[in-house]
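Chemist: My questions all concern the structure below.
The values are calculated or read from the model by the stated rules, or taken from the named source; none is laboratory data. Keep in mind that what you see is a predicted model, and the values were worked out from it rather than measured. Cβ atoms come from the backbone with ideal geometry, glycine included; neighbour counts cover every protein chain shown.
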Amino acid sequence: MTDTVLYELDGHVATITYNRPEALNAVNGELRADLNAAFARFRDEEDAWVAIVTGAGRAFCAGGDVRGGGGDPVGEFPGTFWEKPTTNSFESGWEIYKPVIAAVNGYCLGYGLTLVTWCDFVIASERAEFGFPEVRLGIPTIVGAIRLPQRVSWQHAMDLLLTGDRIDAHKAKEIGLAGWVVPHDDLMDEARALADRLLQGAPLAQRAMKEVAMRSQHLSTVDAIRFGETMRKVAHATEDAAEGARAAAERRAPEWRGR
Ligand code: COA
């Protein structure tokens, strides 16, 4: 990893920071490699239970690097089209079942907005602006077009996707893209407060629920319930489930271990 994305673990909270502020955190090949490494580390690191993703400087992420140079923003993969993985980043659908909070501090465009559509919570600074400018560059956003209608109503999704217009934080909240709008200087404290609230819940039970919530979107009700009930048995067998029962009986706060 170079330093175009920072990863910091504080307790059980990982903060992932786009760190190319001179280019408004635009995604070039180097940043792509660092961003993928940061999300892979978060996914794999047992002590990391919740992530906050944010940007250094005045942007969250201004999308793919339009200046060229600095490598392919998608990432470099060997093989012809057929061998290349298309699910090759958090933005393109890596399965991460730990909760992810977006703390959107400024421009959140293109790739940046695609990433946000995979986040479980979106807290917007009053300075945040959201948009998919791709159409004005003559190109489509594909994963954005798949994800945005799953997050907001059809016509609000089509408005953003087909016009390329940017919306401010309040409009983002109005259409349900952002959950909260907060004063800029409070953004990271608010994100941390939400992360701390999430740490009250047992991490493996959270991951079981997030996986059930994600997978059940594409399953029949019967299949979703069968899958979910299987996950219930798996989650019940964890040490944390036993700790939860013990703590309730002893009338004390549980101590989660993520096991
Ligand atoms: N790729 C590469 N560099 C970018 C960039 C991008 N997507 N977005 C911004 N930058 C760079 C600018 O070139 C500029 O660099 P410089 O200071 O060396 O000239 C710097 O970041 C600041 O950008 P600037 O345009 O001066 O800031 P602004 O406040 O006037 O405008 C935006 C901000 C986001 C509206 C404008 O930068 C923009 O439209 N960026 C492109 C967004 C885009 O099309 N993304 C691609 C999606 S696929």
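Chemist: Suppose the filter is at pLDDT 95 or above, under 12 Å from the mean Cα position of the chain (by Cα) and away from the ligand (no atom under 16 Å from the Cβ); does GLY11 pass it?
Modeler: no
Conditions (1) within 12 Å of the ligand (Cβ to nearest atom); (2) modelled with pLDDT of 95 or more; (3) acidic (Asp, Glu); (4) under 22 Å from CYS108 (Cα atoms), marked per residue:
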| site | (1), (2), (3), (4) |
| --- | --- |
| PHE42 | no, yes, no, yes |
| GLU45 | no, yes, yes, no |
| GLY55 | yes, yes, no, yes |
| CYS61 | yes, yes, no, yes |
| ASP72 | no, no, yes, yes |
| PHE77 | no, no, no, no |
| TRP82 | no, no, no, no |
| THR86 | no, no, no, no |
| SER92 | no, yes, no, yes |
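Chemist: Is there any pair linking a residue in the range 1-27 that is small (Gly, Ala, Ser) to one that is surrounded by 14 or more Cβ atoms within 10 Å (Cβ to Cβ) and not in a loop (DSSP other than H, G, I, E, B), with Cβ under 7 Å and at least six apart or on different chains, and which?
Modeler: ALA14/TYR7; ALA14/PHE42; ALA14/ALA51; ALA26/GLY64
Chemist: I would also like to ask the following. Please go through (1) surrounded by fewer than 17 Cβ atoms within 10 Å (Cβ to Cβ); (2) in contact with a His (Cβ under 9 Å, 6 or more places away or on another chain) for LEU177 and return the number of the only condition it doesn't satisfy.
Modeler: Only one criterion in (1) surrounded by fewer than 17 Cβ atoms within 10 Å (Cβ to Cβ); (2) in contact with a His (Cβ under 9 Å, 6 or more places away or on another chain) is unmet by LEU177, namely (1).
Chemist: Please find, among ASP223, ASP240, the residue that is surrounded by 17 or more Cβ atoms within 10 Å (Cβ to Cβ) and acidic (Asp, Glu).
Modeler: Exactly one of ASP223, ASP240 is surrounded by 17 or more Cβ atoms within 10 Å (Cβ to Cβ) and acidic (Asp, Glu), namely ASP240.
Chemist: Next question, about the same structure. Find the residue count for the range 87-105, including only residues that are among the small types (Gly, Ala, Ser) and crowded, with 24+ Cβ neighbours inside 10 Å.
Modeler: The number of residues fulfilling the criteria is 2.
Chemist: Only one of LEU115, LEU148 is within 16 Å of the ligand (Cβ to nearest atom), more than 19 Å from THR17 (Cα to Cα) and not in a strand (DSSP E or B); which?
Modeler: LEU148
Chemist: Ok, one more. Looking at (1) in contact (Cβ under 8 Å) with a residue 60 or more places away in the chain; (2) in contact with a helix residue (DSSP H, G or I) (Cβ under 9 Å, 6 or more places away or on another chain), can you tell me which one THR114 breaks?
Modeler: The one condition THR114 does not meet is (1).
Chemist: Could I ask something else about it? Residues in the range 134-145 that are within 21 Å of GLY93 (Cα to Cα) and either assigned to a loop (DSSP other than H, G, I, E, B) or near the ligand (Cβ under 8 Å from one of its atoms) (or both): how many?
Modeler: 4
Chemist: What are the pairs, 6+ residues apart or on separate chains, where a residue within the range 74-97 that is farther than 16 Å from GLU30 by Cα and touching a residue at least 24 places away in the same chain (Cβ under 8 Å) has its Cβ under 6 Å from a residue that is among the basic types (Lys, Arg) and surrounded by 11 or more Cβ atoms within 10 Å (Cβ to Cβ)?
Modeler: Going by the 6 Å Cβ cut-off, the qualifying pairs are ILE96/ARG43; TYR97/ARG207; TYR97/LYS210.
Chemist: Within the set of pairs 6 or more residues apart or between chains, which connect a residue that is of a type in the set (A, V, I, L, M, F, W, C) inside the range 210-221 to a residue that is outside any loop (DSSP other than H, G, I, E, B) with Cβ atoms less than 8 Å apart?
Modeler: Here the result reads VAL212/ALA224; VAL212/PHE227; VAL212/GLY228; VAL212/MET231; LEU219/PHE227, each pair linking the range 210-221 to a residue that is outside any loop (DSSP other than H, G, I, E, B).
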